[in-house]
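Data first, discussion second: the structure below is written as structure tokens.
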Amino acid sequence: MSNGPLSPEDAASLLREKLGKTISVRAVRDVSARSIVLRQRVETRVIETIATPPPPTSATTEARDLAAELWALDARPPADGSNVVCVDDPRTGAVRRCPECAGRGAQPCRQCGGLAALNCLSCGGRGKIGMERNAQSCVRCGGDGRVPCTHCAGGSHPCDSCEQRGSTFTVQRARIAWSDREVRSVLDRQPPSVELDGVAAERELDVEFDGDVPRPIAGGSMDHFRASAQNAQQTGAIAALAAAHRAGPNERVLEQSARVERVRVWEIECEPGARVYIVGPKRDIIGAEALHAGPGPLVAAIALVLGVAAILAGSVLR
């Protein structure tokens, strides 16, 4: 959809394309909203315990608590473009009972459950073949009804996790990952200032952060609104959104910025007075059920408002 006005004819054509039927359009009204897009570069650091081959017996080092030094580790995203770095420290090594085999060095066979035998397929475990009166002993199992398990030796197989030792050597691993996070929130719906909104239709507000304080980027498209109440409202809402998405216990925000975008929302009044909304660049239609016999006017109005709000705050704006 272009940034220009939407005529009733264009709206009718779009509804016909989306809904597959001709709908009479009485009026089209621009009720566009603003949406805040908060972008953050987040670093996450956690400690994992992994099993590794034991070091040579001659390698003796002082024990170390990697978790205490986690945030002091110098790590940067790899040059190959991946977003995860793992740092293993052999000085955190410890011998532990193997969790896979509980220290036995072997695991029960999953096929026979450790019984070393399976039901005979020829007789179904009965030991006999044929009707009861004329049944004959099964040749394959010798009448026992069970045959040796071919998947194991004696009901178990060597544990691969500990290589039959019954114990594993584990070290602490620092897993450091970088990711980009995007959070969206509706700033307002029907803007209070038509004149200001007319300018903002083509210009959007870009914000950078000085610590936790959002500041409009100097020379930005809306820099001349820096001192206005509208601009103060926008930066205040951005600060509140950033505060609600501070770093978690294993995270830190490396970079963040925000942008106030104008989101196109067209209110389409159709015959006989039903209203639907065309929202965002994907031209999603909200409230199409109002074109059919349905809930009363109040219930329909509430459903429309909730539907538009959900679309504005959701991924459809991406």
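The values are calculated or read from the model by the stated rules, or taken from the named source; none is laboratory data. Just so you know, these numbers come straight off a predicted model, no measurement behind them. Reconstructed Cβ throughout: ideal geometry from the backbone, glycine too, with neighbour counts over all protein chains shown.
Here is a check on your reading of the model: is P78 under 30 Å from P249 (Cβ atoms) and either among the hydroxyl-bearing types (S, T, Y) or without any contact (Cβ under 8 Å) to a residue 12 or more places away in the chain (or both)? Here the answer is yes, as P78 does meet what is asked.
With respect to being buried (at least 17 other Cβ atoms within 10 Å of the Cβ) and either at pLDDT 85 or above or of a type outside the set (F, W, Y) (or both), L73 falls outside the description. With respect to the conditions (1) under 27 Å from C159 (Cβ atoms); (2) touching a residue at least 12 places away in the same chain (Cβ under 8 Å); (3) surrounded by fewer than 15 Cβ atoms within 10 Å (Cβ to Cβ), N83 lacks only one, and its number is (1). On inspection, R45 does not qualify as assigned to a loop (DSSP other than H, G, I, E, B), in contact with a strand residue (DSSP E or B) (Cβ under 6 Å, 6 or more places away or on another chain) and more than 30 Å from N231 (Cβ to Cβ). Checking every residue in region 51-65 against the condition of being under 30 Å from G166 (Cα atoms), at pLDDT 85 or above and either surrounded by 12 or more Cβ atoms within 10 Å (Cβ to Cβ) or of a type in the set (G, A, S) (or both) gives zero matches. Could you go through region 111-126 and let me know if any residue there is under 30 Å from P54 (Cα atoms), surrounded by fewer than 17 Cβ atoms within 10 Å (Cβ to Cβ) and of a type outside the set (S, T, N, Q). Yes; the residues of region 111-126 include at least one that is under 30 Å from P54 (Cα atoms), surrounded by fewer than 17 Cβ atoms within 10 Å (Cβ to Cβ) and of a type outside the set (S, T, N, Q). Scanning region 108-121 for residues that are modelled with pLDDT under 85 and among the polar types (S, T, N, Q) returns a single hit, Q111. The residues in region 262-305 that are among the basic types (K, R), modelled with pLDDT of 75 or more and in a strand (DSSP E or B) can be counted, and the count is 1.
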